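Since the structure comes first, as structure tokens, the remarks are kept for the end.
The values are calculated or read from the model by the stated rules, or taken from the named source; none is laboratory data. These figures come from a predicted structure and were not determined experimentally. Virtual Cβ from ideal backbone geometry, glycine too; neighbours counted across all protein chains shown.
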Amino acid sequence: MDFIYNGEPGWISSVRSNKWRIFAQPAQVGLKTLVWNGEAWCKTEEYHLPAGKPAKMKLIVPEELNGSGNILMIFLPFNSINQCKAEELFILPENADALWSWPVLEVRTPVEWVIVKDFPVPTQPETIFFDGWLRTAEEKFFALPEMPFYLADTPAESLQVRVSNNFSGKKVRGSVTAEQSQAARFMADRNFNNEVVLAYNGKEQKLALNKGNAVFELPLEDNEPFEIKAFYPGITSGESNYCDPGFLSDLGYRIAWGDMHVHTRESDGMGEPEEVMQRARDWQKLDFMAFNEHIEHSLAWRVWSREKWAKLRKLYEESTVDNEFVIIPGFEYYSYCNLWCFNDEYHTYLSPEFNRETDYYRIKRIDTPEGKLQHEEVQKMIAKFAAKKDWLVGYHRLEVLSTQLGKLPTPVQCLQMAHYKRPPEVGSMDYLLRGDKVAFFGGTDTHLGMPAVGYTGDRTANSGLTAVLVKELTRKNLHEALCARRTYASLGARTLCDMRLNGAIMGETLSLAEGDAMEITFRAAGKEKLKRLEIVINGENAFVQELAKNTCDCKFKAVNKCAGQGFVFARLHLEDGRMLWTSPVYLN
């Protein structure tokens, strides 16, 4: 079987090779799609997929594509099926010649049809696409027309109110979203266009929803803590996250919430960048977000290029409004490294080893001698990026890197502690114990077009948010704060946190001799009930405080037992299982 997938030993599967993506010509004829409605096959134009529920689809191959020796490639990018076996996901005609390697099913023609059974329909975006390509027996490549599937609306079951802690201009910025069930979490009911009532500081006002969502601005009346409620009379109500304009007033900082790791259809995610940005800004009312599209060719589905960068940069710049919402351009390399760029000349910095626009370069597998050698060179390049004043570099999946490389990777500025793919703190403590000074950040790594997506499960990261202490909400101020490590990571809860050691705040370095006194203070407040506070000193839980309330103001005294470098950070547990981590205060 001469499938494209069959590559040379030791090479990452060449099914994702850029040859047929770059040189594919648009085809006029595509697959015909039918959906099973429970009784019969029907056209997709007449049947909308039920969001969040399994669906059964039949892809019919027209005569124009069915030449002998052609290979059809059907792209299924959805993470929810990346561990499925072919027999679990597809029904094929008897004796069909096919190969399944997520995210691509390759089928040799002639073949009459392919059935995708029990396909788990995502909850986002409003429309999902199946991409397809054709390789002819003559080695010509054609991009088939996209196959759209439309997600059905279901009635709203709750109102979600989210308020930014960015109060610049003495304004309260928030959003109200009519959302569906837990299974379709963070999916706005686009047919919900009713009026809701906002209640703030003893006053009420009506707010009209448009396709299930509305944003609002209200005057900030004082520096006292508050929450905002929304009511849909007789049906449901919602209450915002806890807000306190004076929480860090003695430092002159405000807390900006963001998602530092988001994908779209421009690499291996779902949703157009414009849609994903809008969900972050208007549905979730985040203050900032970072796009982290893949840039390495052998892993990126859609080819990264300077033209793509120019297109996305235009969106990033047009969508960034100082003191309201900021986009940080970011990139992901080899599924473990995040790079964030705070200048406008990204493409002049990316070396050919990161991203070549040819078909001759492929990344060797990391578990081969050639791959390990290549990765050592990549690590040197990452270190150069980390040294640039207008770049930041962060890692996730640290235990994979450590195992494959046989050592901890190059020191970086940030470590992702709140992340849906890995349990909290995996690998992070090793960095701290060897003396690296890093900030903690959170990101969803979403591939479903839903920044700041929800959380389920005890102590299992399924959503990551980053809180940054800034003077003003601008890209420049965010960069400065991230470099200074004034951050903390959260598994989705927007709890306000403040940890200090002898007056030094998270991210700062304090000079203490062995035997010097230490006073650690920790304050927190949020909508969710706090369960337990752990103060970690040099990797050990030095203090544990049970809380069982929504706020805390704790003080601990200790003696510095470290003769050299050390670190102190706080780990906060919530009653619902979520966690938060402050970036450390470092000791010299």
- request: Output the residues belonging to the range 317-331 that are more than 16 Å from Arg279 (Cβ to Cβ), in contact with a helix residue (DSSP H, G or I) (Cβ under 7 Å, 6 or more places away or on another chain) and either among the hydrophobic types (A, V, I, L, M, F, W, C) or outside the structural domain of Asn477 (by TED's automatic domain parsing) (or both).
  value: Ile328
field: Selected residue [touching a residue at least 60 places away in the same chain (Cβ under 8 Å), in the same structural domain as Asn560 (by TED's automatic domain parsing) and under 32 Å from the mean Cα position of the chain (by Cα)] from Glu540, Glu534, Glu528, Glu508
entry: Glu508
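Looking at the range 544-560, can you tell me whether even one residue there is surrounded by 20 or more Cβ atoms within 10 Å (Cβ to Cβ) and of a type in the set (Phe, Trp, Tyr)?
no
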field: Residue ranges of strands (runs of 3 or more DSSP E) in the range 484-588 with at least 3 members of a type outside the set (Ser, Thr, Tyr)
entry: 496-501, 517-537, 540-559, 566-574, 579-582
statement: Within the range 227-254, restricting to residues that are aliphatic (A, V, I, L, M) and in a loop (DSSP other than H, G, I, E, B), the one that is nearest to Gly202 (Cα to Cα) is Ile228
- line: Within the range 203-226, residues part of a strand (DSSP E or B) and closer than 20 Å to Lys527 by Cα come out as Phe226
field: Search result, residues across the range 224-254 that are among the hydrophobic types (A, V, I, L, M, F, W, C), under 21 Å from Thr551 (Cβ atoms) and crowded, with 23+ Cβ neighbours inside 10 Å
entry: Cys243
- prompt: Residues in the range 164-201 that are modelled with pLDDT of 90 or more, assigned to a loop (DSSP other than H, G, I, E, B) and either out of contact with any Asp or Glu (no Cβ under 8 Å at 6 or more places or on another chain) or among the basic types (Lys, Arg) (or both): how many?
  reply: 1
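What strands (runs of 3 or more DSSP E) lie completely within the range 1-67 and have 1 or more residues being among the basic types (Lys, Arg) and at pLDDT 90 or above? Show your work before the answer.
On the way: elements: 32-36, 41-43, 54-60.
Per the criteria, 54-60.
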- prompt: Of all residues in the range 91-119, which are assigned to a strand (DSSP E or B) and at positive phi?
  reply: Asp118
message: Of everything in the range 86-106, what is more than 21 Å from Leu144 (Cβ to Cβ) and either modelled with pLDDT under 85 or not charged (D, E, K, R) (or both)? Give them in sequence order.
response: Asn95
field: Yes/no for Glu88 being of a type outside the set (A, V, I, L, M, F, W, C) and either touching a residue at least 60 places away in the same chain (Cβ under 8 Å) or in a helix (DSSP H, G or I) (or both)
entry: yes
